[in-house]
1. If you scan the range 333-358, which residues turn out to be surrounded by 15 or more Cβ atoms within 10 Å (Cβ to Cβ) and free of Cβ contacts under 8 Å to residues at least 40 places away in the same chain?
2. Under the condition of being of a type in the set (A, V, I, L, M) and in contact with a Lys or Arg (Cβ under 8 Å, 6 or more places away or on another chain), which residue from the range 373-399 is surrounded by the fewest Cβ atoms within 10 Å (Cβ to Cβ)?
3. Scan the range 71-96 for residues that are closer than 30 Å to residue 337 by Cα and either touching a residue at least 60 places away in the same chain (Cβ under 8 Å) or among the basic types (Lys, Arg) (or both) and jot them down.
4. Return only the number of the condition from (1) outside any strand (DSSP E or B); (2) touching a Lys or Arg at 6+ places or on another chain (Cβ under 8 Å); (3) surrounded by fewer than 24 Cβ atoms within 10 Å (Cβ to Cβ) that residue 233 does not satisfy.
5. Just name the residue that is nearest to the chain's Cα centre (by Cα) out of those in the range 290-331 that are part of a loop (DSSP other than H, G, I, E, B) and within 15 Å of the ligand (Cβ to nearest atom).
6. State whether the residues of the range 47-68 include one that is within 16 Å of the ligand (Cβ to nearest atom), aliphatic (A, V, I, L, M) and out of contact with any Asp or Glu (no Cβ under 8 Å at 6 or more places or on another chain).
7. Among the residues of the range 62-81, is any surrounded by fewer than 21 Cβ atoms within 10 Å (Cβ to Cβ), among the charged types (D, E, K, R), modelled with pLDDT under 95 and touching a strand residue (DSSP E or B) at 6+ places or on another chain (Cβ under 9 Å)?
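The values are calculated or read from the model by the stated rules, or taken from the named source; none is laboratory data. Quick caveat, the model's predicted, so the values are computed rather than measured. All Cβ positions, glycine included, derive from the backbone under ideal geometry; neighbour counts span all protein chains shown.
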Amino acid sequence: MNCKITNSKLDPFMSFGKMPLANGFITKDQFDNEFFFEMNVCFNENLSLLQLGNHPKPEKMFNIDYPFYTSSSRAMIKHFSEYANWIKKNFLHEDSKLIEIGSNDGTLLTNFKSTSVDFLGFEPSETIAKLANDNGIKTINSFFCKKEVDKINKFKGNTDVICASNVICHIPNLPDTIETVDILLSNKGFFIFEEPYLGSMFDKTSYDQIYDEHIFIFSVNSVKKIFNLFDFDLIDVIPQNTHGGSMRYVVARKGKNEIKGSVKKYTEKENKLNYDNIKSCFEFKLNCEESKKKTLDQLNQFKKEKKIICGYAATSKSTTILNYCGINTTVIDFICDTTKQKIGKYSPGMHIPIVSASEFQSRSPDIAYLFAWNHKNEILKKETKFLERGGKWFSHVEI
Ligand code: TMP
């Protein structure tokens, strides 16, 4: 296995075993032909970069049926509205140009509709890109990569902000992405992206952040080192509550901007905690094994007590939990979810039925495994009746 940035040889420090696509929700007739890969995790100490060893091709993951819609969470709609306002205030002027990588259904870009900013999204999933275009969000249905830039000549060397959220960690050919940013960004432009943060994952033992689509789990050290290789500076970092703990990174061309104190603060903090070297990975591995044991012991106890257990939200993260821990329909009867493309299908690998959110009430489960633990405020607020009738939330992370 080789590092996706430097091509140096890497050895995995941990394997999660055979894993299906995190968003590979399937119908019964597809059970026999399901795709699996061996999910190993490696750490490049030179870049302090955690990454998957093997991964499926992006075309396999972000295809026509990709079932993730950013707007499915109210909290995310609010987050993106605030993110857009922050970008407008700090980085844009009246006739600015802005590109979003992996713009999904346009939840962020819609906030620029009423401005004079010339904006554009890149979204590889055909159905989602169409939905965005139908809603007046100009979206190119493609991966953001060098071979696409000739289609958008006016943005070349002229784009003030290129932004992304929970997308850059999905891209195996990150060097191509950075080179594409280099072609499109103006001399004084900014590349801003936010991604699940390694420090939060290690703190919470939220190993479910690791799945096929999350090729990299970034830290401040790793982002700084990667971008330095391409003549960019990491000039600011701002922690975010989204996705169970994320970090927003602001990158600019080398030497063009003052580097804020936040970068030093977080690199030093990470160094102290060994997040810049493999020691922290070995500790994380032990914590994952302990978490798996605790989860299974607790779920088995619930079963002994004849409790009905359901899953709440068929998240991508749940695919890692269910397959790593080997939890199937003998333990969890069903998973309820609001996404219509998932309802009526089965969870990847473990084949637990996905049902509509209304069945959370009608089937009266005793225990709900909160797979969307990162959306807990939003969910617990709307599901107060569950606790009132004696239901109990469960998760492998503290909720
Ligand atoms: P993700 O963690 O892979 O982004 O998926 C989030 C899933 O959670 C998505 O399928 C929608 C679902 N969901 C619910 O079912 N109910 C909710 O209240 C929220 C916030 C999300």
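1. Within the range 333-358, 333, 334, 335, 336, 337, 343, 350, 353, 355, 356, 357 qualify.
2. Once the filter is applied, the top-ranked residue is 399.
3. Passing the criteria: 72, 73, 74, 75, 76, 78, 79, 80, 83.
4. Among (1) outside any strand (DSSP E or B); (2) touching a Lys or Arg at 6+ places or on another chain (Cβ under 8 Å); (3) surrounded by fewer than 24 Cβ atoms within 10 Å (Cβ to Cβ), residue 233 violates only (1).
5. Among them, the one singled out is 315.
6. no
7. Among the residues of the range 62-81, not one is surrounded by fewer than 21 Cβ atoms within 10 Å (Cβ to Cβ), among the charged types (D, E, K, R), modelled with pLDDT under 95 and touching a strand residue (DSSP E or B) at 6+ places or on another chain (Cβ under 9 Å), which makes the answer no.
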